[in-house]
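First up is the structure itself, then whatever we jot down about it.
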Amino acid sequence: MRRILAAGAIVVAALGVVTASSNAQSPDLPGNWVGTWAASPAAGVPGTEGGYPNYSIRNLVHTSVGGASVRVRLSNAFGTTPLTLGKVTVAVSAEPNTPRAVPGSMRTLTFGGAETTMVPAGAEVLSDPALLRVPQDGDLLVTTYTPTPSGPVTFHPAAQQTSFFTKAGDLAGEESGASFTERTSVWHYVSGVDVQSPARGSVVTLGDSITDGVGGTAGTNQRWPDFLSDRLIAAGRPLGVLNAGISANRLLLDVPGSGAGRNALARLDEDVLSLGGVKTLVVLEGINDIQQTPHQTDPAQIIAAYRQIIAQAHARGIRVIGGTLTPFKGWRVYDETLEATRLAVNEFIRHGGAFDGVVDFDAAIRDPQDPLRMLPAYDCGDHLHPNDAGFKAMADAVDLALLR
């Protein structure tokens with residue numbers, strides 16, 4: 001259900017090198033600021049009270065829409081001391097799953113014109129714009145150099161992506177990536193990337209491990225939101241697709257020490273409503289409230305959380321699409337009481353009239369011969385998480401006309 005970084009393991013965030021002239025947004029460039037990638041901060045890395053002094057961490061992130069200028073969000077949400085970012089760079093990755101940058105694409109990011117910035121405990125920072133041709137459906141390298149102790153280190157555990165780091169000091173601007181010989185399966189510090197783009201806006205997918213991509217093939221960008229982005233690109237409908245899934249996350253409760261993040265209502269503003277150019281929110285969350293201990297077996301409590309998410313999103317002018325909870329018969333805690341709760345919640349999502357639209361993920365991946373169970377061809381093997389084929393079926397179930 002969740003992937004926790006072991007004590008002593010490390011994470012990297014990569015950005016590129018920027019000149020003073022490249023930090024200014026050009027009024028001649030087309031489009032507005034739109035989110036192209038996001039990952040919700042989930043926790044502090046266990047055992048990192050002193051942070052990662054002298055580390056350069058190169059996070060590999062996958063874009064949805066492209067643009068002519070870029071800015072990056074970096075988070076100290078779970079830190080208890082100030083975080084000093086000595087240097088942050090962003091570059092276009094030379095090829096998938098590599099720390100090597102396309103020559104000439106490295107940009108050094110600034111913050112109010114300065115290359116170094118301090119992020120207070122619990123806060124995030126947004127870089128100045130940097131001129132960079134960002135590809136759609138491509139990879140960026142966001143690298144952070146942290147010169148001094150700070151911590152705990154804010155991270156996103158279930159990245160489903162290999163990133164890179166080195167303990168050898170400030171190598172954030174290294175194009176070759178040769179020094180980045182150590183690897184990590186999580187993202188550290190980096191929480192979002194925006195581009196100046198002609199795209200109309202972005203879609204945020206709020207969820208848990210199923211949205212986070214757990215069960216799929218790591219390093220291949222086959223989470224269901226990735227497949228949704230591919231469909232939008234193929235349809236000629238450029239929209240940023242931002243993933244706000246956190247493995248083991250719940251609507252109503254926090255799970256301290258688990259890496260599961262704050263409950264969905266507590267993180268709604270930072271992880272969804274405040275992201276770049278958000279027009280539509282897709283909610284697929286609630287199965288952990290039902291199947292995790294303590295079990296939530298009162299559908300009214302889950303429905304009340306949905307209503308509050310809808311109300312807050314509507315107050316920002318954001319449409320909300322409800323996703324039905326997917327089957328979990330065969331999962332280790334499955335029983336009839338928990339199933340009854342899921343069915344009642346899905347009845348509300350489909351027919352309650354509260355959402356601006358519905359995506360029937362349940363119908364998309366259930367077994368017609370046993371509708372309470374996931375179709376075996378879509379099951380990663382644990383009967384809760386889909387595999388790559390299941391994630392594609394989920395994305396294919398989204399009516400693109402709902403995304404505006």
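The values are calculated or read from the model by the stated rules, or taken from the named source; none is laboratory data. Predicted model, so just to flag it, every value in this text is computed and none were measured. Heads up, the Cβs are rebuilt from the backbone with ideal geometry, glycines too, and the neighbour counts pull from every protein chain shown. Keep in mind that these areas ignore ligands, DNA and RNA; they rest on the heavy atoms of the full protein, side chains included. Shrake-Rupley method; radii C 1.70, N 1.55, O 1.52, S 1.80 Å.
Data table
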{"read-out": "Conditions (1) part of a loop (DSSP other than H, G, I, E, B); (2) out of contact with any helix residue (DSSP H, G or I) (no Cβ under 9 Å at 6 or more places or on another chain); (3) more than 25 Å from Tyr334 (Cβ to Cβ); number of the one not met by Gln196", "value": "(1)"}
{"read-out": "Strands (runs of 3 or more DSSP E) contained in region 62-124 and holding at least 1 residues among the small types (Gly, Ala, Ser) and closer than 27 Å to Asn32 by Cα", "value": "67-75, 87-92"}
{"read-out": "Test result for Thr293, over 22 Å from Gly353 (Cα atoms), among the β-branched types (Val, Ile, Thr), surrounded by fewer than 21 Cβ atoms within 10 Å (Cβ to Cβ) and without any contact (Cβ under 8 Å) to a residue 60 or more places away in the chain", "value": "yes"}
{"read-out": "Condition broken by Pro225, with the remaining ones in (1) in contact (Cβ under 8 Å) with a residue 40 or more places away in the chain; (2) farther than 26 Å from Pro129 by Cβ satisfied", "value": "(2)"}
{"read-out": "Residue within region 199-206 that is outside any strand (DSSP E or B) and of a type outside the set (A, V, I, L, M, F, W, C) present", "value": "yes"}
{"read-out": "Residue identified as at pLDDT 95 or above, hydrophobic (A, V, I, L, M, F, W, C), surrounded by fewer than 24 Cβ atoms within 10 Å (Cβ to Cβ) and more than 15 Å from His62 (Cα to Cα) among Ala168, Ala172, Ala130", "value": "Ala168"}
{"read-out": "Candidate set: region 239-259, residues that are more than 13 Å from the chain's Cα centre (by Cα), in contact (Cβ under 8 Å) with a residue 60 or more places away in the chain and surrounded by 22 or more Cβ atoms within 10 Å (Cβ to Cβ); chosen: the one farthest from His156 (Cα to Cα)", "value": "Leu239"}
{"read-out": "Members of region 133-147 found to be among the charged types (D, E, K, R) and open to solvent by 30 Å² or more (accessible area, probe 1.4 Å), listed by number", "value": "Arg133, Asp137"}
{"read-out": "Positions within region 207-232 being buried (at least 24 other Cβ atoms within 10 Å of the Cβ) and in a loop (DSSP other than H, G, I, E, B), in sequence order", "value": "Asp208, Gly213, Val214, Gly216, Arg223"}
{"read-out": "All positions within region 31-61 that are part of a strand (DSSP E or B), open to solvent by 30 Å² or more (accessible area, probe 1.4 Å) and modelled with pLDDT of 95 or more", "value": "Trp33, Tyr55"}
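Here's the yes/no breakdown for (1) open to solvent by 20 Å² or more (accessible area, probe 1.4 Å); (2) of a type in the set (Asp, Glu); (3) over 22 Å from the mean Cα position of the chain (by Cα); (4) on the phi > 0 side of the Ramachandran plot:
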| site | (1), (2), (3), (4) |
| --- | --- |
| Gln312 | yes, no, no, no |
| Arg319 | yes, no, no, no |
| Thr337 | yes, no, yes, no |
| Val359 | no, no, no, no |
| Pro368 | yes, no, yes, no |
| Ala377 | yes, no, yes, no |
| Ala397 | yes, no, no, no |
